[in-house]
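Here is the structure we will look at, set down as structure tokens.
The values are calculated or read from the model by the stated rules, or taken from the named source; none is laboratory data. Every value quoted in this text rests on a predicted model; they were computed, and no experiment measured them. Here Cβ is always computed from backbone atoms with ideal geometry, including for glycine, and neighbour counts include all displayed protein chains.
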Amino acid sequence: MTQPPTPRGAGRRSGLSATALVALTLLVALLATPSSALAQQRNFDAREAAVRAVELIPSPSQEAALDDLRARIPNLEVRIDPTTGAASTVSNRTGYLTEGDAEATPLAIGMGFVEAHLDLFGLAEADLNEYEVTDSVFSKVTGASHLYLRQELGGIPVYNGQLQFHVNRDGRLMSVNNAFVPYLAEVVNTTSPKYSAGEAVAAAAKHLGLPNSGGPGRVRTAGGATQVTELSADGLSERPIVAQLMLLPIHGAEVRLVWNFQIWTLDDQHAYDFTVDAQDGRVWTRFDWVADDSYRVYPLPAESPNHVTPVPPADGRSLLVGPADPTASPFGWHDTNGVAGAEFTIHRGNNAHAYDDIDNNNAPPASEPDCGASLNCDFAINLTLAPNQYIPAAVANLFYWNNIVHDVQYQYGFDEAGGNFQQNNYGLGGSGADYVQAEAQDGSGSNNANFATPPDGSRPRMQMYIWTAPTPDKDGDLDSGIIIHEYGHGISNRQVGGPSNTSCLSNTQQPGEGWSDWLSLAYTAEVGDAGTDGRGIGTYALDQPTTGPGIRTQRYSTDPSINTWTYSTISTGVSVPHGVGAVWAQGVWEAYWALVDLHGFSSDIYNAAGGAGNQRMMLYVNEGLKNTACSPTFLDARDGIIQAAVDNYGGVDVCPLWEAFAAYGLGTDASTGGSNSTSATNGFSVPPECQCTPFPVADAGPDQLICLGDSVQVGTPAQPNNTYSWSPGGQTTAQITVAPTTTTVYTVTATTAACGSDSDSVTVTVDNGSAAGLDDDFEGGAGAWTSSGLWHLTSNSSCASPGYSSPVNAFYFGQDSTCDYSTGGTVTGDLVSPTIIGITSASTLSFDYYRVVESFSGSYDQTEVAVSGNGGATWTTVWSMDSSNASTAAWTSSGSISLASFAGQSIQLRFRFNSVDSVSNTFTGWFVDDVVVTGESPCGPGGNTAPVVSITSPANGSTFTQGASVSFAGTATDAEDGNISGSLSWASSLDGPIGSGASFSTSGLSVGSHTITASVTDSGGLPGSDSITVTIDPVTGPTTITILSTGSQDGWIRESNETSNAGGSNNSTNSGNRALRVGDSTGDRQYKTIVSFDTSSIPDGATILSATLRLKRGRVTGTNPFNILGSCFVDVQTGGFGGNVALANGDFQAAATVSQSATMSNPTSNGTFSEGSLNGAGLSAIDKTGVTQMRIYFSTDDNDDGGNDYMGYYSGDSGTADRPQLVVTYQ
């Protein structure tokens, strides 16, 4: 039996101590009194005091479960939540938690893992019996699925009680984030409220110090377990207040029933999300959702008027024609109905409505800037005047940038299913009606900006302010860095925890401000930029030069002399959330430049599959948001990004990212006090796999479909220094040909001597002629159907008469206990079929349904059926009804629906229910049964044979230089279709799709080893493919790096006596301006100095062109030894003198790999450098895999004066600018 977590120093499920109860009583008394100080805080969480009283630790069974799992996954990453004692995050630092299972649903994969490791998660079986899938996000750009489950008890949801599963395209579990409360039923205080919703809202108003005349009045109550109640908001909130019951975890030993609701303050500054105790009216938490055709604009990537030519007061804007992206905004920026032609000529459309709100009424003015029928949004600007003199130009710029961020981020996965901001989602998932309300020159404040992010389906609001400056003031609407930053809050809030939950970034260490800063930096980066540049954000608004720090205390840069932050900087009293966020942004900026330095930079940030370093990092960050746990620390956010890298580009960026984060202090051994702590300890370690080379790469290739009796090649071309083994079969080549008689999963294992093994699987489906179409009455169970939301398989449900069309099973969107779909909020869900083959021009779809929903003239309670022919990337609606269509309380046939437009494709069906709102959801819902798709198997009588594909150019194993044009050519022949070479699709394992047709050329391949695959599907639905390996080498050009010495290995050795020529004493502990001594001392004993450099960062295959040793003079004692002791020589040692890098007396006389390789110059004064360039032999002695040491000394031992005559140099224990340097240029 699973043992629950145990309070430290107590027995099982112990209560709080008397001291803790007194502390909580005093806290409650404090919170019962209005406090202006409390109201002025952005966020408030009374649980923090309670958490300090109880710390839960893992039980012995949890410890044993952890040990067992770590034995099977050596690179396991597990974090324990001290408030519950349970595992909160489980992932593999460089891989996956499970093998691939393409047949299982993401929910089954994730739940299966948790059920198999209940001890680790501290959960009882009953804790998994009741939950809601609040969001199921499929990433079109990566193929990953992200599921967000919310724990419930008796139909009442747990506040932020999430269980997240992140599953890759092959059915491999990437990570699990767990915030389910262990043994929930045992620790809930009650499920029956004593305080009403109105009394709870009145308590919140009192908490804020707002006027309250008798409390808000009740408008209507939806009932159900959550008792959803709509209240009048007059004098309290600019939007209606809708309250519902939830369960709030205080800590692992206490969960309380609360009312949850939002108050949008009348001053427009806050959108507070409250939880108020339903028993005693105390305020537990308060989180603020507000985070501080032709267009003449400051265009991407321009950051502000100061970043273009000509500079202010001249007008440096550009007139852009048709900038809308056809994928993200297929009908342009002024459309809302999904039909060609603009609905608006003002700055309003599907993605945003920009207008001025100078009078602070949160609504557009009576007259808005109009672009005319030709949509020519070209308005004059005069930057010598006050901002209110160029409102149309400001509104146009604000509208432009809101649409730009929408369109760009769409490419990386912030799309309809991901919770983006659109009025019309065009049938592609998610909830619509939530375009951005972008308010220019807002009159509610100054010197700031904010973005309020409600859940998916509710409109966000961006407020941009005027910034006071020497006449004239500055307009934030012209500073794209600030606009991007604010929009970034919406991006992170909608994706961390899923689109339905925007309360996950309210904890102390959450990196939301940092993600927003980083997005501003990434969007405005340009060709020619370098990581060492200093970048500020908001310099225009603050009236600073472009070199200013902007809204942060330090500029962002990889140069440590410009930005000094590491992870532990958050422990030094930085502000929350802005200072904490800035530290995160710097860490991600350094990781960004690690990839740019490795893969190059592309100005085309619309191309998510481009493969350049900046494009990759934008993908990893956006996918990483979806992988990140609710209420994250920096470690959780780091893991989300790295997990995205594991699953894309063959994982080649996993180690570079680990190395970059580790250099910043976010290595595997970094630690923190928790999500509500700013305690942080740097860690600089990386996983063992990142300390070896070459890394094993297993790639079994795409799944295959063949006819019975046919054969197919699986696998991809071999990687250097990898050995292979297949199961079943035992073959030892990277690619094999198989001819199974039944559907079979083949697994390849790749192994390298230094780095272990990696595995990948491919499914070969065998069609015996009967696999076409679909005829499913669900009597055999759910099979390969996947479901989310309230969809589930029922057996003769009592909620319909009868509960099936054909006995006895059917799928039902609704709740069996109440026979409705009322959960207290908006409910959505998808029922998705397995892949269906054999679709022809004569194919049809039919299904039976029982549908009882709200009757209303608007479009509510939407039910639709859609078809996808590309694996779920896009969907086409083929049948739909909503509240305006009459309900059918009897089983009804859909009739025959043509699928002719999908002929030749493998398809999936999606049945979607969307209530649109949270009221009137007490109707039965939707049943579906007897789904039939007619088709003709390509393997049936007179059937089909698979096409044969051959890549003819370039040759397998070819190597090219980055930027060179590579020409590809191939042939595809088919027994039935003839020559179909023109239909070939080409893809790279690193860069994704790269071309189409029989031949094409590209110069955009990224650096690395590519598996290039050409594939085609014939008219009968059978695929064929061929693959080769192509290597792209980086452009060879000199690279110069500066390596600083290792202080712990630096020091001087002094001769034992004047004539011994042997070391007698040494010193490696001093720092300062004379820690390193060269010359002679009293008794005419000679000083020699040893400096040590870690030169392993020089690539193994590089040719070192030059190397210069630089030592900074601190002081001279006695006579300058350069004037009396002859030449100052440098000996070079590969590794350490005497075989050990630690300073020792014997280093004085130890043999050197190269003697007198360089002669040092005489530094003219304190603070100047002495320099010496190594000769050819010295260059050859530099160790590219480890440490190189150098010994500095004068040719004349002493001058026989008996006194001190030595040069004092700064050591490696000194500040960065003073330490010894080795400047190396290599090619």
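Any residue at all in region 778-788 that is over 40 Å from the mean Cα position of the chain (by Cα), assigned to a loop (DSSP other than H, G, I, E, B), of a type in the set (D, E, K, R) and surrounded by fewer than 21 Cβ atoms within 10 Å (Cβ to Cβ)?
yes
Out of everything in region 954-980 that is surrounded by 20 or more Cβ atoms within 10 Å (Cβ to Cβ) and over 13 Å from Gly1004 (Cβ atoms), what residue ends up being nearest to the chain's Cα centre (by Cα)?
The extreme case among them is Gly970.
Looking at region 264-294, which of its residues are modelled with pLDDT of 90 or more and aliphatic (A, V, I, L, M)?
Of everything in region 264-294, those that are modelled with pLDDT of 90 or more and aliphatic (A, V, I, L, M) turn out to be Val276, Ala278, Val283.
Examine region 511-526 for a residue that is within 30 Å of Gly427 (Cα to Cα), buried (at least 24 other Cβ atoms within 10 Å of the Cβ) and in the same structural domain as Ala302 (by TED's automatic domain parsing), and state whether such a residue exists.
no
Every residue in region 191-206 that is of a type outside the set (S, T, N, Q), buried (at least 17 other Cβ atoms within 10 Å of the Cβ) and outside any helix (DSSP H, G or I), please.
The answer is Pro193, Tyr195.
Scan region 789-817 for residues that are surrounded by 17 or more Cβ atoms within 10 Å (Cβ to Cβ) and among the β-branched types (Val, Ile, Thr) and jot them down.
Thr794
Tell me, which residue of region 577-615 that is touching a Ser or Thr at 6+ places or on another chain (Cβ under 8 Å) and under 28 Å from Ile994 (Cβ atoms) is modelled with the highest pLDDT?
Among those that are touching a Ser or Thr at 6+ places or on another chain (Cβ under 8 Å) and under 28 Å from Ile994 (Cβ atoms), it is Trp593.
If Trp926 satisfies all but one of (1) at pLDDT below 90; (2) not in a loop (DSSP other than H, G, I, E, B), what's the number of the condition it fails?
Checking Trp926 against (1) at pLDDT below 90; (2) not in a loop (DSSP other than H, G, I, E, B), the one that fails is (1).
Looking for whichever is farther than 29 Å from Val137 by Cβ and either among the hydrophobic types (A, V, I, L, M, F, W, C) or at pLDDT 95 or above (or both) here; the options are Thr547, Thr564. Which one fits? Explain how you work it out, then say what you get.
Values: Thr547 fails: either among the hydrophobic types (A, V, I, L, M, F, W, C) or at pLDDT 95 or above (or both).
Just a single option satisfies the conditions, and that option is Thr564.
What number of residues within region 837-853 are crowded, with 19+ Cβ neighbours inside 10 Å and at pLDDT 90 or above? Can you show your working first?
Looking only at region 837-853, we keep the residues that are crowded, with 19+ Cβ neighbours inside 10 Å, and these are 837-840, 843, 845, 847-853.
When the remaining residues are screened for being at pLDDT 90 or above, the result is 843, 845, 847-853.
Of the residues in region 837-853, 9 are crowded, with 19+ Cβ neighbours inside 10 Å and at pLDDT 90 or above.
For region 558-610, name all the residues that are in a loop (DSSP other than H, G, I, E, B), aliphatic (A, V, I, L, M) and closer than 28 Å to Asn507 by Cα. Write out each step before concluding.
Within region 558-610, the first condition is being in a loop (DSSP other than H, G, I, E, B), and the residues that meet it are 558-566, 573-577, 600-610.
Next cut, aliphatic (A, V, I, L, M) only: 562, 574, 576, 605, 608-609.
Correct list: Val574, Val576.
Need pairs with beta-carbon distance below 9 Å; first residue among the aromatic types (Phe, Trp, Tyr) and within region 687-705, second surrounded by fewer than 22 Cβ atoms within 10 Å (Cβ to Cβ) and assigned to a helix (DSSP H, G or I); sequence gap 6+ or separate chains.
Phe695/Gly651; Phe695/Cys655
Filter region 761-777 down to residues that are charged (D, E, K, R), surrounded by 19 or more Cβ atoms within 10 Å (Cβ to Cβ) and at pLDDT 90 or above, then give me how many there are.
1
Examine region 659-673 for a residue that is closer than 17 Å to Gly587 by Cβ, surrounded by fewer than 20 Cβ atoms within 10 Å (Cβ to Cβ), acidic (Asp, Glu) and under 20 Å from the mean Cα position of the chain (by Cα), and state whether such a residue exists.
Yes; the residues of region 659-673 include at least one that is closer than 17 Å to Gly587 by Cβ, surrounded by fewer than 20 Cβ atoms within 10 Å (Cβ to Cβ), acidic (Asp, Glu) and under 20 Å from the mean Cα position of the chain (by Cα).
Hey, among the residues in region 166-200 that are in contact with a Ser or Thr (Cβ under 9 Å, 6 or more places away or on another chain) and among the β-branched types (Val, Ile, Thr), which one's farthest from Leu245 (Cα to Cα)?
Among residues in region 166-200 that are in contact with a Ser or Thr (Cβ under 9 Å, 6 or more places away or on another chain) and among the β-branched types (Val, Ile, Thr), the one farthest from Leu245 (Cα to Cα) is Val167.
Is it fair to say Asp407 is in a loop (DSSP other than H, G, I, E, B), of a type in the set (D, E, K, R) and at negative phi?
No; evaluated as a whole, the condition is false for this residue.
Quick one: how many residues across region 807-841 are of a type in the set (Ser, Thr, Tyr), over 24 Å from Val867 (Cα atoms) and more than 31 Å from the chain's Cα centre (by Cα)?
Within region 807-841, residues that are of a type in the set (Ser, Thr, Tyr), over 24 Å from Val867 (Cα atoms) and more than 31 Å from the chain's Cα centre (by Cα) number 4.
Within the group Gln437, Gln463, Gln423, which residue is assigned to a strand (DSSP E or B) and surrounded by fewer than 24 Cβ atoms within 10 Å (Cβ to Cβ)?
Gln437
Would you check which residues across region 123-136 are surrounded by 24 or more Cβ atoms within 10 Å (Cβ to Cβ) and at pLDDT below 90 and list them?
Those that are surrounded by 24 or more Cβ atoms within 10 Å (Cβ to Cβ) and at pLDDT below 90: Thr134, Asp135, Ser136.
Could you list, in sequence order, the residues of region 1135-1181 that are polar (S, T, N, Q), farther than 19 Å from Ser1195 by Cβ and buried (at least 19 other Cβ atoms within 10 Å of the Cβ)? Spell out how you get there, then give the answer.
The first filter runs over region 1135-1181 and keeps only residues polar (S, T, N, Q), leaving 1140, 1145, 1149, 1153, 1155-1157, 1159, 1161-1162, 1164-1166, 1168, 1170, 1173, 1175, 1180.
Next cut, farther than 19 Å from Ser1195 by Cβ only: 1140, 1145, 1153, 1164-1166, 1168, 1180.
Selection gives Thr1153 alone.
Tell me the residue from Asp280, Asp335 that is buried (at least 22 other Cβ atoms within 10 Å of the Cβ) and part of a loop (DSSP other than H, G, I, E, B), please.
Being buried (at least 22 other Cβ atoms within 10 Å of the Cβ) and part of a loop (DSSP other than H, G, I, E, B) holds for just one of Asp280, Asp335, which is Asp335.
How many residues does region 96-139 contain that are more than 21 Å from the chain's Cα centre (by Cα), outside any loop (DSSP other than H, G, I, E, B) and acidic (Asp, Glu)?
Number of matching residues: 5.
Applying the selection to region 965-983, what residues are over 14 Å from Ile994 (Cα atoms), of a type in the set (Gly, Ala, Ser) and in a loop (DSSP other than H, G, I, E, B)?
Answer for region 965-983, where residues must be over 14 Å from Ile994 (Cα atoms), of a type in the set (Gly, Ala, Ser) and in a loop (DSSP other than H, G, I, E, B): just Ala975.
Each row is one residue, and each column tells you yes or no for (1) under 20 Å from the mean Cα position of the chain (by Cα); (2) surrounded by 19 or more Cβ atoms within 10 Å (Cβ to Cβ); (3) β-branched (Val, Ile, Thr).
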position: Arg555; (1), (2), (3): no, yes, no
position: Thr572; (1), (2), (3): no, no, yes
position: Gln586; (1), (2), (3): yes, yes, no
position: Gly600; (1), (2), (3): no, yes, no
position: Val621; (1), (2), (3): yes, yes, yes
position: Lys626; (1), (2), (3): yes, yes, no
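Which residue pairs have Cβ atoms closer than 9 Å, lie 6 or more positions apart in sequence or on different chains, and pair a first residue in region 956-969 that is farther than 19 Å from Gly610 by Cβ with a second residue that is outside any strand (DSSP E or B)?
Listed pairs, sorted by first residue: Asn956/Pro717; Gly957/Pro717; Ser967/Pro954; Ala969/Pro954; Ala969/Ser981; Ala969/Ala998.
Every residue, every condition in (1) closer than 26 Å to Arg256 by Cβ; (2) modelled with pLDDT under 85; (3) loosely packed, with under 13 Cβ neighbours inside 10 Å, yes or no:
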site: Ala10; (1), (2), (3): yes, yes, no
site: Ala23; (1), (2), (3): yes, yes, no
site: Leu31; (1), (2), (3): yes, yes, no
site: Phe44; (1), (2), (3): yes, no, no
site: Glu77; (1), (2), (3): no, no, no
site: Pro82; (1), (2), (3): yes, yes, no
site: Ala87; (1), (2), (3): yes, no, no
site: Gly95; (1), (2), (3): no, no, no
site: Glu99; (1), (2), (3): no, no, no
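For residues that are at pLDDT 90 or above and aliphatic (A, V, I, L, M), scanning just region 722-760, find the one that is nearest to Ala102 (Cα to Cα).
Out of the qualifying residues, it is Val745.
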